[in-house]
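Structure below; questions to follow.
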Amino acid sequence: MPYRALARLSLLTLSAGLTAASGAPLNRYSGSQCENPALTPSQRAGCQIWFYATAGNGRFHTYVLQQRMDIFIDWFRVLKTAERPDRFKAWGLINDPGCCTPGANHCPVKSLDETYGLDWCQGDDAMLPFVGKPGYRDPACGFKDSQDPAGQRENPCYLEFGASAGVMGLRKFPNPRFNRTKWEKLNGSLGTWKGYDSRLSQNRNVPDSRVSRLMDGSIEPPFLIGMSCGACHIGFDPLHPPKDPANPTMANLSGTVGNQYSRLSEVFASGMPSSSPAWQVFAHARPGTVDTSAIPTDQIDNTGTINAIINFDKRPMFAGEQVRKWRPVNGCVAGTDERSCWCEPGKSGKCWESSLKTETVHHILKGGEDSIGLREAIQRVYGNIGSCSEECWVNHLSDLRQADPLQRNFGQTPFDIGQCRRDCPNFRAIEDRLDDIVQFLLVQRPSDLYQARGLASRQDLIEQLEKEFGAGSVDRGRIVFAQNCARCHSSQRDEVATRDFYKTDAQGVRIDWLGNDEATLASGVGTNRSRALHSNHMNGQIWAEF
């Protein structure tokens with residue numbers, strides 16, 4: 001039997017699915033996952049932020065991408081309710097079980113005009129009346145903090161939950177600038193975006209025939225579309241996969257396993273002609289992969305699989321590292337420059353100071369972007385998906401309109417964490433609740449594949465595999481894995497040949513994280529060299545402060 005197959009047999013028995021640290025089945029709860037009674041108040045709060053919070057990036061995906069980067073998302077093409085049955089197949093997006101197509105059985109609304117052609121979702125009854133009007137009160141305003149006795153946290157309204165856009169992780173917000181009369185005149189009815197999706201000119205002899213009306217700033221769409229962390233990280237629960245991937249129930253979903261089917265690069269380029277160079281640059285990633293430098297681009301194509309966030313409690317940490325970052329302090333010395341110490345106005349002793357100290361930290365992304373602490377790593381994700389873009393980071397990106405941006409001083413400059421904290425309340429709203437998000441992520445644990453196969457024990461799975469591949473094949477696979485893979489794909493520190501990859505701690509949690517989080521030369525790995533190509537974390541680049 002080939003070594004690759006032998007190693008696969010060993011890995012097959014390692015992990016699939018997620019359970020709580022206590023062993024409680026987090027993903028079998030059929031209601032909203034964040035209401036699961038197995039979660040503590042802090043974990044429940046973190047879950048809600050993970051699933052719903054966009055932290056203001058609706059403006060980014062509606063305006064900034066188009067105006068600053070010439071990237072056009074055709075949200076109607078992606079989210080129109082008529083394509084709900086085909087949405088998973090076409091885009092790899094996971095339909096929200098709490099939404100329905102107007103006119104379908106048991107759907108509260110009957111007309112596409114009521115939802116502007118999108119799904120009807122929970123929360124729409126409170127949100128839809130404010131399309132084209134000011135005064136919408138975001139459901140995040142009613143968010144219950146797990147702990148904030150002194151009232152020090154930023155107003156939760158800035159978490160910005162909105163309502164589901166029909167897809168897990170995509171959220172919609174009423175656009176107060178929407179003009180109903182203009183929309184009906186352009187499209188013929190409220191329930192279609194036909195005119196808005198058309199070209200500026202139907203005359204193929206003029207340049208405007210190649211330009212979408214999505215670029216027409218005089219026409220505002222009915223919704224701003226935002227993105228939560230769940231857009232990438234919500235996937236199908238391996239222990240309870242749906243019978244029909246286009247029609248999952250909430251019990252079929254996991255909040256952190258990662259969507260291995262999504263075609264996010266194609267979603268981002270959905271409003272662009274496939275003949276355009278920009279489309280060719282953007283719509284290239286394979287399903288289930290994402291280029292984390294796609295927006296803050298370093299001109300390097302290095303898409304990778306969306307991370308499964310599992311077993312963080314066992315993820316390796318590295319002691320003795322010199323880390324410069326902002327840390328909470330009781331106050332700032334009078335006259336101190338706000339770039340080194342800053343206290344939030346109106347709060348009592350809520351201050352941060354930038355300093356260099358020795359710490360024990362994770363190495364979360366291979367480029368080194370997230371190596372100043374787990375909380376800061378989570379905070380950066382919100383920036384990477386568009387939060388605080390106008391206040392904090394869009395002007396730090398390369399100006400792709402320049403013929404030679406790197407040589408003419410239009411290249412990247414570092415995101416300034418202190419400046420963003422001062423100027424963006426959405427940043428502070430997330431930062432003040434990072435401990436809750438961490439608590440939620442820490443309860444995600446890997447479960448053995450035998451459970452997903454409906455078997456009673458790991459030994460049953462081994463017997464099943466050896467019946468197919470031959471006696472002793474699983475143990476031979478463990479040896480091949482130890483000899484060829486474990487130096488990178490194991491977090492234990494003892495002799496590789498004798499490692500027990502199934503070993504658990506006193507709570508029954510597997511101790512091996514199956515990765516060492518250490519930099520390894522591409523020449524030594526010998527596989528995908530492009531994953532080693534990245535520059536966003538380097539001095540002078542966008543994520544240097546992380």
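So which of ARG327, ARG339 is without any contact (Cβ under 8 Å) to a residue 60 or more places away in the chain and farther than 25 Å from ALA165 by Cα? Break it down into steps so the answer makes sense when it comes.
Numbers: ARG339 fails: without any contact (Cβ under 8 Å) to a residue 60 or more places away in the chain.
It is ARG327.
Does GLN464 satisfy the condition of being over 22 Å from TRP326 (Cβ atoms) and open to solvent by less than 10 Å² (accessible area, probe 1.4 Å)?
Numbers: over 22 Å from TRP326 (Cβ atoms): yes; open to solvent by less than 10 Å² (accessible area, probe 1.4 Å): no.
No: the conditions fail for GLN464.
Among the residues of the range 99-113, write down those that are in contact (Cβ under 8 Å) with a residue 24 or more places away in the chain and open to solvent by 20 Å² or more (accessible area, probe 1.4 Å).
SER111, LEU112, ASP113
Is it true that some residue in the range 120-130 is open to solvent by 50 Å² or more (accessible area, probe 1.4 Å), out of contact with any Phe, Trp or Tyr (no Cβ under 8 Å at 6 or more places or on another chain), modelled with pLDDT under 95 and among the acidic types (Asp, Glu)?
No, the range 120-130 has no match at all.
Which residues, taken from the range 141-151, are of a type outside the set (Phe, Trp, Tyr), farther than 14 Å from ASP435 by Cα and either modelled with pLDDT of 95 or more or open to solvent by less than 70 Å² (accessible area, probe 1.4 Å) (or both)? Give the steps one after another, and end with the answer.
Restricting attention to the range 141-151, the residues satisfying the condition of being of a type outside the set (Phe, Trp, Tyr) are 141-142, 144-151.
In the following step, the residues that additionally are farther than 14 Å from ASP435 by Cα were identified as 141-142, 144, 149-151.
Within the range 141-151, CYS141, GLY142, GLY151 meet the criteria.
Can you pull out the residues in the range 46-61 that are open to solvent by less than 20 Å² (accessible area, probe 1.4 Å), closer than 18 Å to ARG177 by Cβ and assigned to a helix (DSSP H, G or I)?
The answer is GLY58, PHE60, HIS61.
Return yes or no: is PRO129 without any contact (Cβ under 8 Å) to a residue 60 or more places away in the chain and either under 29 Å from GLY195 (Cα atoms) or of a type in the set (A, V, I, L, M, F, W, C) (or both)?
The answer is yes for PRO129.
Quick check on the range 489-512: of everything there that is farther than 17 Å from ASP448 by Cα and of a type in the set (Val, Ile, Thr), which residue is least open to solvent (accessible area, probe 1.4 Å)?
Only one residue fits best here, namely VAL496.
Mind checking which pairs have a first residue in the range 527-540 that is over 23 Å from ASN484 (Cα atoms) and a second that is exposed (fewer than 11 other Cβ atoms within 10 Å of the Cβ), Cβ under 9 Å, 6 or more apart or different chains?
Pairs found: none.
Can you name the residue in the range 279-338 that is among the basic types (Lys, Arg) and surrounded by 15 or more Cβ atoms within 10 Å (Cβ to Cβ) and, of all such residues, is nearest to the chain's Cα centre (by Cα)? Write out each step before concluding.
Taking the range 279-338 and keeping what is among the basic types (Lys, Arg), we get 286, 314-315, 324-325, 327.
From what's left, surrounded by 15 or more Cβ atoms within 10 Å (Cβ to Cβ): 314-315, 325.
Details: LYS314: 21, ARG315: 19, LYS325: 23 Å.
For the range 279-338, the residue satisfying everything is ARG315.
Okay, moving on. Can you give me the number of residues within the range 493-535 that are in a loop (DSSP other than H, G, I, E, B) and farther than 30 Å from VAL443 by Cα?
Initially, the range 493-535 is screened for residues in a loop (DSSP other than H, G, I, E, B), giving 493-495, 499-503, 505-509, 511-521, 526-528, 533-535.
Add one more test, that the residue is farther than 30 Å from VAL443 by Cα, and what stays is 521, 526-528, 533-535.
Adding up the residues that qualify gives 7.
Right, something else. Starting from residues that are under 21 Å from ASP370 (Cα atoms) and assigned to a loop (DSSP other than H, G, I, E, B), keep the ones in the range 399-422 and report whichever is modelled with the lowest pLDDT.
By that ranking, first place goes to GLN412.
Consider PRO245 carefully, then state whether it is touching a residue at least 24 places away in the same chain (Cβ under 8 Å) and crowded, with 20+ Cβ neighbours inside 10 Å. Break it down into steps so the answer makes sense when it comes.
On the way: touching a residue at least 24 places away in the same chain (Cβ under 8 Å): yes; crowded, with 20+ Cβ neighbours inside 10 Å: no.
In short, no.
For the range 253-268: of the residues being polar (S, T, N, Q) and closer than 15 Å to GLY304 by Cα, which is nearest to the chain's Cα centre (by Cα)? Please lay out each step first, then the result.
Kept after step one, since they are polar (S, T, N, Q), are these residues of the range 253-268: 254, 256, 259-260, 262, 265.
With closer than 15 Å to GLY304 by Cα added as a condition, the list becomes 259-260, 262, 265.
Details: ASN259: 10, GLN260: 12, SER262: 11, SER265: 13 Å.
Among those residues, the one meeting the criterion is ASN259.
Further, regarding this structure: Name the single residue that is modelled with the highest pLDDT among those in the range 237-293 being of a type in the set (A, V, I, L, M, F, W, C) and in a loop (DSSP other than H, G, I, E, B). Working first, answer last.
Step one: of the range 237-293, the residues of a type in the set (A, V, I, L, M, F, W, C) are 239, 246, 250-251, 253, 257, 264, 267-269, 272, 278-279, 281-283, 285, 290.
Filter again for in a loop (DSSP other than H, G, I, E, B), leaving 239, 246, 257, 269, 272, 283, 285.
Details: LEU239: 87, ALA246: 96, VAL257: 90, ALA269: 89, MET272: 86, ALA283: 80, ALA285: 83.
Selected residue: ALA246.
The values are calculated or read from the model by the stated rules, or taken from the named source; none is laboratory data. Keep in mind the model is a prediction, meaning the values are calculated, not measured. Ideal geometry is used to build each Cβ from the backbone, glycine not excepted, and the neighbour counts take in all protein chains shown. Heads up: the accessible areas ignore ligands, DNA and RNA and are worked out on the full protein's heavy atoms, side chains in. Shrake-Rupley method; radii C 1.70, N 1.55, O 1.52, S 1.80 Å.
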